[in-house]
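Novice: First the structure, which I've put down as structure tokens, then a few questions once you've had a look.
The values are calculated or read from the model by the stated rules, or taken from the named source; none is laboratory data. These figures come from a predicted structure and were not determined experimentally. Here Cβ is always computed from backbone atoms with ideal geometry, including for glycine, and neighbour counts include all displayed protein chains. Surface areas here come from the heavy atoms of the whole protein model, side chains and all, with no ligands, DNA or RNA. Shrake-Rupley method; radii C 1.70, N 1.55, O 1.52, S 1.80 Å.
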Amino acid sequence: MSARQRIDLHTHSDRSDGTDSPAELVRRAQRLGVDVLGLTDHDTTEGWQEAADVAERTGVRLVRGIEVSCVFHGYGVHLLAFLPDPAYPPLVEELGRVLAGRSSRLPATLERLRSLGIDIDVHDVHQVAGKSAAMGRPHVADALIELGVVRDRNEAFERFLGPQGPAYVHRYAADLEAMIGIIAASGGVTVIAHPWASRHDHTALDEDGLARLHEAGLAGVEVDHEDHPPQVRARLRDLARGLDLVVTGSSDYHGVGKIDHELACNTTAPEELDRLLDLAAAAARAAGRDVPLVVPAR
Ligand code: AMP
Ligand code: ZN
Ligand code: FE
Ligand code: FE
């Protein structure tokens, strides 16, 4: 029996809100028999180089990605961008805006917590955030754990940081359709992350919405994700097939930062990865780029 490739395209390192360094993440992938690993930190490419160095030594194939914070019809949507040119000026500019929004939200969040009698300093959050280049609520959650206010990140989101929570503060996100266009123009491909996860309002991401995004250049949708129950996956898979969108599956691994999201708990079929890489190659050619798409090269 030929071994089928294990492909996990959506994971986070400590350069955003995961807890493994990029090097640890790649080594873990190797230990667990993951052949192809996507590193998709929120809004940053900071972990790419370290992950690529270890990938080349271990033979794990690395797909460099970003999970970009976007907005569509007023709703937050996470967009997986694979193999974009990280130096493409419109992308650099827009990620800069998103990261600035993350930084300015932090003091506002801490102000809310202070009004609830919880005193956390910005420096405390930076301390627990370590090497993260994308400050977020998970780091505030970690500071709350450190202070003994909550037991885990989940409790922090439920009691304080979630959209209905008393310490929730809005932040800037990129326009979804514009970002799909920017990634395509930079020579990359896009996949909507967990479009129908229960904590997201997916009314805008219905059949019409996804069809429109496909026309705007969207390559695929993440169907197999822990936040999608079985019936949701079945419906979304049918819809994706009908629209000829690539279907992916992934763990959204965050180290110990997110329970029930172990590496490769969901995977992508090799045929679907091939389609994605073909589309990326076509986009790269159209953008006049000549870069190794996946390291190490096949
Ligand atoms: P932010 O990037 O600051 O908007 O925070 C959102 C991130 O927090 C998401 O991308 C998730 O990775 C993480 N997150 C959201 N809800 C939870 C939860 N209940 N437990 C742990 N992590 C969460
Ligand atoms: Zn995250
Ligand atoms: Fe996400
Ligand atoms: Fe994610």
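Novice: Here is a check on your reading of the model: is Gly76 modelled with pLDDT under 95, under 16 Å from the mean Cα position of the chain (by Cα) and under 26 Å from Ala197 (Cβ atoms)?
Specialist: The answer is yes for Gly76.
Novice: Going by the structure shown, is Glu262 of a type in the set (Asp, Glu) and within 16 Å of ligand 1 (Cβ to nearest atom)?
Specialist: yes
Novice: Something else about it: Need a quick list: strands (runs of 3 or more DSSP E) entirely within region 156-273 having at least 2 residues that are at pLDDT below 95 and touching a Phe, Trp or Tyr at 6+ places or on another chain (Cβ under 8 Å).
Specialist: Counting at least 2 such residues, we get no strands (runs of 3 or more DSSP E) at all.
Novice: Taking region 50-67 as the search range and keeping residues that are within 18 Å of Leu99 (Cα to Cα) and either in a loop (DSSP other than H, G, I, E, B) or not hydrophobic (A, V, I, L, M, F, W, C) (or both), which one is nearest to ligand 4 (Cβ to nearest atom)?
Specialist: Glu67
Novice: Just to check your reading of the model, which residue among Asp41, Asp20 is open to solvent by less than 50 Å² (accessible area, probe 1.4 Å), at negative phi and within 13 Å of ligand 1 (Cβ to nearest atom)?
Specialist: Going through Asp41, Asp20 in turn, the sole match is Asp41.
Novice: Considering only residues that are touching a residue at least 12 places away in the same chain (Cβ under 8 Å) and surrounded by fewer than 17 Cβ atoms within 10 Å (Cβ to Cβ), look in region 1-12 and name the one that is nearest to ligand 2 (Cβ to nearest atom).
Specialist: Across region 1-12, the extreme among qualifying residues is Gln5.
Novice: Can you list residue pairs whose Cβ atoms sit under 6 Å apart, with the first residue in region 56-67 being among the hydrophobic types (A, V, I, L, M, F, W, C) and the second being part of a strand (DSSP E or B) and more than 16 Å from ligand 4 (Cβ to nearest atom)? Count only pairs 6 or more apart in sequence or on different chains.
Specialist: Leu62/Val295; Val63/Val294
Novice: Can I ask one more? Residues of region 5-35 being within 15 Å of Asn266 (Cα to Cα) and more than 16 Å from the chain's Cα centre (by Cα), which ones?
Specialist: Correct list: Gln5, Arg6, Ala29, Leu32, Gly33, Val34, Asp35.
Novice: If you don't mind, there's one more thing I want to ask. Does Arg15 satisfy the criteria of being open to solvent by 10 Å² or more (accessible area, probe 1.4 Å), charged (D, E, K, R) and more than 16 Å from ligand 1 (Cβ to nearest atom)?
Specialist: Spelling it out, it is not the case that Arg15 is open to solvent by 10 Å² or more (accessible area, probe 1.4 Å), charged (D, E, K, R) and more than 16 Å from ligand 1 (Cβ to nearest atom).
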